[in-house]
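Shown next, in structure tokens, is the structure this report addresses.
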Amino acid sequence: MYSFLNQLNPNTMSLTLRTDFGCTEAVIDDDCGLKRFYEVANILSDDLDVNFNHKSDDFDSLMWDFSFKGHVLTLHYNIYTGISIYPRKFREAPRKDNDAVVEVARFLEGKLLIHTANRLAS
């Protein structure tokens, strides 16, 4: 089902890059709730100064578009598959859009580890 491209850091978190849909998709958390989605959205907004310019909310899924260094990406949440980020152009995404997904995922990996450690320490 998944064609795994690369584990970002298999010893610390389950961030995974996959290319099943013809673009790079970063799976941020495949087993989480809506609270985690908002945590990720807040990190992107607060730490990367991202503005979500288009939000599509359904009963089981959220798709929020944002620009990162000139690349339009989508933060996606689904109750069955979790949270992921992928280029808005999907299959037609140029390589640089896919590279931006990897950059955002690596940034989030570090931030989410810090947030998790802080929660556990409390």
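Mind ordering 34-45, 15-26, 50-61 by average Cβ neighbours within 10 Å, highest first? Walk me through the numbers before you get to the answer.
Details: 34-45: 16.2, 15-26: 18.5, 50-61: 10.8.
Top of the packing list down: 15-26, 34-45, 50-61.
Quick check: from the Cα gyration tensor, does segment 18-122 come out rounded (a/c under 1.5), prolate or oblate? Note, shape of segment 18-122 comes out prolate.
Solvent-accessible surface of protein heavy atoms, probed at 1.4 angstrom with all chains present, puts K96, K89 in the order K96, K89, largest first.
Using the Cβ atoms and a cut-off under 15 Å, what net charge is assigned to the surroundings of L44, where Lys and Arg are +1 and Asp and Glu are -1? Show your work: numbers first, answer last.
Working: positive: R36, K55, K69, R88, R106, K111; negative: D29, E39, D46, D47, D49, D65, E103, E109.
Surrounding charge for L44 is -2.
Computed from the C-beta positions of D20 and L113 and an R0 of 22 Å, the FRET efficiency is 0.30 to the nearest 0.05.
The values are calculated or read from the model by the stated rules, or taken from the named source; none is laboratory data. Just so we're clear, the structure is a prediction, and the values are computed from it rather than from any experiment. With ideal geometry, Cβ positions are generated from the backbone for all residues, glycine too; neighbour counts draw on all protein chains shown. The area values use the complete protein model at the heavy-atom level, side chains included, leaving out ligands, DNA and RNA. Shrake-Rupley method; radii C 1.70, N 1.55, O 1.52, S 1.80 Å.
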